[in-house]
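Everything below concerns the one structure shown next.
The values are calculated or read from the model by the stated rules, or taken from the named source; none is laboratory data. Note that the coordinates shown come from a computational prediction; the quantities given were computed from them, not determined experimentally. FYI the Cβ positions are ideal-geometry reconstructions off the backbone, even for glycines, and counts take in every protein chain you see.
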């Protein structure tokens with residue numbers, strides 16, 4: 001019935017009007033409600049563009065929904081946003097798109113997982129009207145489309161880059177997954193598909209002028225909220241070079257007042273409800289954010305300069321050192337308030353504005369304590385039943401386990417031994433008998449001995465993709481309820497369980513202290529990833545099935561060669577029990593006793609990371625984004641003092657995880673590759689970095705306080 005109804009092509013209608021969902025939001029049945037409310041208000045519009053612009057003006061005011069970082073979650077469904085009255089740019093975009101589609105307007109969800117200046121992610125809406133046009137949800141620009149505060153940022157994005165590209169969601173399947181920046185699950189799990197539309201935003205008119213630096217300003221109240229301030233910038237001669245008004249919390253968290261200035265010294269004067277303040281700034285490089293505190297006592301008159309050299313991967317913030325930063329002084333207060341109200345949704349912390357504020361070393365240590373206590377308390381409440389029942393359930397699978405305790409716990413807590421049974425590719429009753437045998441196979445002098453029952457009965461029952469998650473959960477539960485020492489976790493396994501050790505040891509090495517493989521087969525795995533994990537291998541000399549004995553002798557040679565080339569790593573012991581078949585008459589037990597001497601080192605001097613086909617997002621102090629993880633990729637890096645050397649890397653981008661017991665974070669960190677400097681500058685400690693490395697494993701000893709993305713030149 002719309003005047004434009006017959007002009008919409010079938011493929012656009014099927015992909016951008018008919019679909020009932022956008023990304024991974026809750027599916028809410030609100031289309032009829034939205035059509036009934038808004039169609040009469042736009043039915044007389046003569047074009048799709050005008051109708052969409054009018055909806056953007058009406059939807060949010062009439063439904064009383066506004067932008068806020070205090071919304072329950074980023075990916076809210078439309079009903080959730082209408083009920084709470086609060087939404088992120090993601091939730092606002094979902095609501096506007098659903099309203100458009102309810103009125104026959106083709107609309108789709110668009111976003112970038114990270115702006116090129118690393119200031120955060122953003123989502124917005126595209127409208128089809130004989131071609132695609134954009135608008136910011138709840139950010140109407142009159143009756144026009146193709147206008148918005150983010151056009152300059154969008155023009156700097158990188159086509160083909162899963163982190164810095166711009167992607168439009170497609171209900172129709174495409175080869176590209178939409179990067180769900182707010183979700184820890186991969187887009188392929190949600191089946192959210194996309195088109196790369198970056199090049200359509202690369203408008204040269206939006207790009208900065210040569211020799212100019214884009215500087216962003218935000219004014220904050222004493223309690224940390226952004227506020228409106230009238231701002232004047234003067235150059236060294238006192239001439240006014242810029243005027244503007246900062247944004248309050250009703251604007252997107254990445255929407256800041258932006259000025260283009262030449263490098264140099266400037267004075268900033270700003271006026272709020274509490275008075276007029278001023279400070280000096282030094283403009284040196286790109287990606288600078290000036291934080292203006294609404295408190296005379298907090299301002300410093302000396303110039304503040306940005307950390308990091310031009311071309312560095314991490315954005316810098318123009319403010320005082322972390323120990324005296326006005327925003328930093330209140331981060332712990334904001335963190336405590338968040339933890340009290342988050343109701344177990346700890347991942348929401350990654351989206352909080354205070355999470356990116358720099359911290360001092362002591363503040364970072366306190367933040368770790370606060371977050372670890374809150375997370376542990378929550379998990380003890382929600383996980384107690386699974387641990388006491390000895391059944392861990394993840395998705396449709398479950399893993400039973402048996403637990404025995406040996407000896408008295410030392411001061412740091414018991415060690416943990418995870419012992420995998422044999423069998424595989426057999427009926428459940430056969431594997432059950434193998435499990436019963438494994439429960440009593442080894443005795444310990446000290447420790448918690450856990451024998452899990454594999455969740456499946458397949459030939460590869462101990463190295464399927466789900467095992468990593470089950471073991472991470474098992475280790476975490478053992479920390480919570482048995483108080484085990486996370487730096488003294490060991491794995492062992494016999495026969496098919498030994499197959500699992502071969503596979504899990506290199507891919508989970510940074511969660512383990514040592515590993516013992518008994519009578520298994522390595523299949524396709526390689527030993528290079530064992531650089532920092534002591535590894536013992538025991539095999540019967542006559543165990544010829546599947547050439548297991550031959551493979552064991554090959555690994556003995558390979559491990560010896562690796563040790564000779566890199567004496568600081570590849571601690572190993574390979575014992576071929578000559579004359580013994582598959583069953584070694586208990587001689588392999590000495591391998592389990594060998595494990596106890598080792599303790600995990602989370603920050604080794606050198607890391608060799610070879611991704612398995614089961615992908616991990618981090619390994620010791622190296623990490624990758626989920627979208628960048630690639631099977632069989634290889635990264636080798638080493639560190640000495642405050643210098644990190646990328647020795648080799650098959651990926652275009654990695655992240656370095658840093659903390660104070662490995663580098664001095666109050667000094668510059670240098671990253672080099674093949675003699676080329678990739679980064680030189682300070683790397684701030686942040687709540688975000690702490691949360692990212694605590695939430696996934698719940699292990700406070702494996703937390704890092706700073707993260708540095710590094711682009712690798714081709």
Residues of segment 623-645 being in a strand (DSSP E or B) and either out of contact with any strand residue (DSSP E or B) (no Cβ under 7 Å at 6 or more places or on another chain) or free of Cβ contacts under 8 Å to residues at least 24 places away in the same chain (or both), in sequence order, are 639, 640
In segment 557-586, anything part of a helix (DSSP H, G or I), surrounded by 17 or more Cβ atoms within 10 Å (Cβ to Cβ) and touching a strand residue (DSSP E or B) at 6+ places or on another chain (Cβ under 8 Å) is listed as 559
Exactly one of 131, 104 is surrounded by fewer than 19 Cβ atoms within 10 Å (Cβ to Cβ) and in the same structural domain as residue 36 (by TED's automatic domain parsing), and that residue is 131
Of the residues in segment 23-37 that are over 18 Å from residue 83 (Cβ atoms) and touching a helix residue (DSSP H, G or I) at 6+ places or on another chain (Cβ under 6 Å), the one that is modelled with the highest pLDDT is 35
Could you say whether any residue in segment 119-127 is farther than 30 Å from residue 708 by Cβ and part of a loop (DSSP other than H, G, I, E, B)?
no
Could you check, for segment 139-159, whether at least one of its residues is closer than 24 Å to residue 15 by Cα and modelled with pLDDT under 90?
-> yes
The correct count of residues that are in contact (Cβ under 8 Å) with a residue 24 or more places away in the chain and surrounded by fewer than 20 Cβ atoms within 10 Å (Cβ to Cβ) in segment 44-72 is 11
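Inside segment 244-293, counting only strands (runs of 3 or more DSSP E) that do not spill past its ends, which hold 1 or more residues that are more than 30 Å from the chain's Cα centre (by Cα) and farther than 29 Å from residue 85 by Cα?
Numbers: elements: 257-261, 264-272, 275-283, 288-293.
Because the criterion is at least 1 residues that are more than 30 Å from the chain's Cα centre (by Cα) and farther than 29 Å from residue 85 by Cα, the strands (runs of 3 or more DSSP E) in segment 244-293 that meet it are 257-261, 264-272, 275-283.
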Over segment 683-707, the set of residues farther than 20 Å from residue 339 by Cα and touching a strand residue (DSSP E or B) at 6+ places or on another chain (Cβ under 7 Å) is 683, 684, 706, 707
The residue that is surrounded by the fewest Cβ atoms within 10 Å (Cβ to Cβ), considering only those in segment 587-615 that are closer than 17 Å to residue 493 by Cβ and modelled with pLDDT under 95, is 614
Note: among 41, 6, just one is farther than 25 Å from residue 167 by Cα, without any contact (Cβ under 8 Å) to a residue 40 or more places away in the chain and surrounded by fewer than 16 Cβ atoms within 10 Å (Cβ to Cβ), namely 6
| request: Determine if segment 359-368 includes at least one residue that is surrounded by fewer than 17 Cβ atoms within 10 Å (Cβ to Cβ), modelled with pLDDT of 90 or more, more than 22 Å from the chain's Cα centre (by Cα) and farther than 18 Å from residue 665 by Cα. | output: no
If you go through 651, 680, 665, the only one that is surrounded by fewer than 20 Cβ atoms within 10 Å (Cβ to Cβ) and in a loop (DSSP other than H, G, I, E, B) is 651
- Would you confirm whether any residue within segment 366-375 is free of Cβ contacts under 8 Å to residues at least 12 places away in the same chain and closer than 27 Å to residue 403 by Cα? yes
| Any residue in segment 138-146 that is crowded, with 17+ Cβ neighbours inside 10 Å and within 15 Å of residue 90 (Cβ to Cβ)? | yes
Within segment 223-243, the count of residues that are more than 25 Å from residue 60 (Cβ to Cβ) and not in a loop (DSSP other than H, G, I, E, B) comes to 9
Residue 199 vs (1) within 32 Å of the chain's Cα centre (by Cα); (2) modelled with pLDDT of 85 or more; (3) in a strand (DSSP E or B): all pass except (3)
In segment 9-32, anything over 18 Å from residue 132 (Cβ atoms), surrounded by fewer than 16 Cβ atoms within 10 Å (Cβ to Cβ) and touching a residue at least 60 places away in the same chain (Cβ under 8 Å) is listed as 31, 32
